[in-house]
Amino acid sequence: MSEARSGTSAPTVLRMILGRRLQDMRIGVGASLEDAAKALRVKSLTIRRLEKAEVALKPLYVEKLLETFGADRQEIDEFVDLAEQANKPGWWHSYRDAVPSWFTAYVSLETGAKTLRTYEPQYVTGLLQTRDYAHAVLRGGLPNGSEEDLARRVELRLRRQSLLERDNAPTLWVVMEEAVLHRTVGSPQVMREQLERLLDISELPHVSLDIVPFTAGAHFGACAPFTYFRFEEPELPDIVYSEILSAAVYLDQREDVVSHLEAHSRMALQTSSEDSRALLNRMRKEYS
């Protein structure tokens, strides 16, 4: 995967899975991209885009490809049904007016992941923000945005947090820098409420929160914020997301993913859950 900019389609995780399955089936029967393209009377680029989930899975295309690959009728019908489901927009589609298109891919990955590991050097990560904290952070990044646009972005951020309350909630491991706690976002009251939320949520069995203290000094992982996604489905590779000012990068090459995982693990070794909670409690008192 690579850099995603405004205008890039954001596939659902299911569409990504089916694209990978199509690729595996094609390779399994020894067919090239050109062979598959000839069966559909399209260019090989179209097949590549189908397999990479860059375009919708047209049922007629899917059916013809599976017939070409030797699938039986039941397998074809089941795959076509899944393709139709995959083409339906995710719940986040209704917020496309409020966020850049390259971020909707992030929400899809976040919704479908079974494990998330994130590093944040500047702010509390979005999944753990209170409403007032989220409003202040987003307002800081959108000084000229309308209140309506800001409200939509806050609403999306809060709705994303519902995944932590699901029966099949993913495992979330957050590493943040101590600087996050000293950056007064909104007001002391907003910060106190935010710190209380962090203390509460850190007690959830599927959430780990580590705060790298200033005393750690220069360390291996000090870098831009990133999020790592792992999925239950074997078709999907681990993916790392990193955001810059006007775009995002989605990485799935093994060496890139491993380097980010190593950075995350090394940073977590700079502290402990107990020390992190003690630091949160001290900072909460400072904002009282």
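The values are calculated or read from the model by the stated rules, or taken from the named source; none is laboratory data. Owing to the predicted nature of the structure, the values given are computational and were not obtained by experimental measurement. Every residue, glycine among them, receives a Cβ derived from its backbone with ideal geometry; neighbour counts consider all protein chains shown. Each accessible area value is taken on the protein alone, full model and side chains, heavy atoms only, with ligands, DNA and RNA left out. Shrake-Rupley method; radii C 1.70, N 1.55, O 1.52, S 1.80 Å.
Quick notes on this one:
- Segment 22-51 residues that are in contact (Cβ under 8 Å) with a residue 24 or more places away in the chain and among the polar types (S, T, N, Q), paired with ones that are surrounded by 15 or more Cβ atoms within 10 Å (Cβ to Cβ) and assigned to a helix (DSSP H, G or I) (beta carbon under 8 Å, 6 or more apart): Gln23/Glu51
- Residue match in segment 266-279 (condition: under 30 Å from Ala105 (Cβ atoms), at pLDDT 90 or above and either in contact with a Cys (Cβ under 6 Å, 6 or more places away or on another chain) or of a type in the set (Asp, Glu) (or both)): no
- Thr215, sole failed condition from (1) within 18 Å of Val174 (Cα to Cα); (2) more than 20 Å from the chain's Cα centre (by Cα); (3) open to solvent by 10 Å² or more (accessible area, probe 1.4 Å): (1)
- Single residue of segment 100-109 satisfying the filter (among the polar types (S, T, N, Q) and buried (at least 19 other Cβ atoms within 10 Å of the Cβ)) that is farthest from Glu147 (Cα to Cα): Ser108
- Qualifying positions in segment 150-185 - out of contact with any Leu (no Cβ under 7 Å at 6 or more places or on another chain) and charged (D, E, K, R): Arg152, Glu155, Arg157, Arg159, Glu165, Arg166, Asp167, Glu177, Arg183
- Screening the candidates Asp77, Asp149, Asp132 for the property of being outside any loop (DSSP other than H, G, I, E, B) and closer than 21 Å to Gly19 by Cβ yields one hit, Asp77.
- If you go through segment 48-74 and pick out every residue that is among the acidic types (Asp, Glu) and assigned to a helix (DSSP H, G or I), you end up with 3.
- Selection within segment 48-99 - of a type in the set (Asp, Glu) and open to solvent by less than 60 Å² (accessible area, probe 1.4 Å): Glu51, Glu63
- Among the residues making up segment 244-288, those that are in contact with a Lys or Arg (Cβ under 7 Å, 6 or more places away or on another chain) and open to solvent by 50 Å² or more (accessible area, probe 1.4 Å) are Arg284, Ser288.
- Just so you know, in segment 121-152 the residues that are open to solvent by 40 Å² or more (accessible area, probe 1.4 Å) and modelled with pLDDT of 95 or more include one that is nearest to the chain's Cα centre (by Cα), and it is Tyr123.
- Checked against the criterion of being under 26 Å from Leu22 (Cα atoms) and hydroxyl-bearing (Ser, Thr, Tyr), the candidates Ser162, Ser101 yield just one match: Ser101.
- Taking the numbered list (1) open to solvent by 20 Å² or more (accessible area, probe 1.4 Å); (2) in contact with a Gly (Cβ under 7 Å, 6 or more places away or on another chain) in turn, Gly112 passes all entries but (2).
- Residues of segment 153-187 classified as open to solvent by 60 Å² or more (accessible area, probe 1.4 Å) and basic (Lys, Arg), total: 3
- When Val240, Val258 are screened for being among the β-branched types (Val, Ile, Thr) and under 15 Å from the mean Cα position of the chain (by Cα), only Val240 passes.
- Leu45 being open to solvent by 60 Å² or more (accessible area, probe 1.4 Å), assigned to a helix (DSSP H, G or I), farther than 29 Å from Ala248 by Cβ and out of contact with any helix residue (DSSP H, G or I) (no Cβ under 7 Å at 6 or more places or on another chain): no
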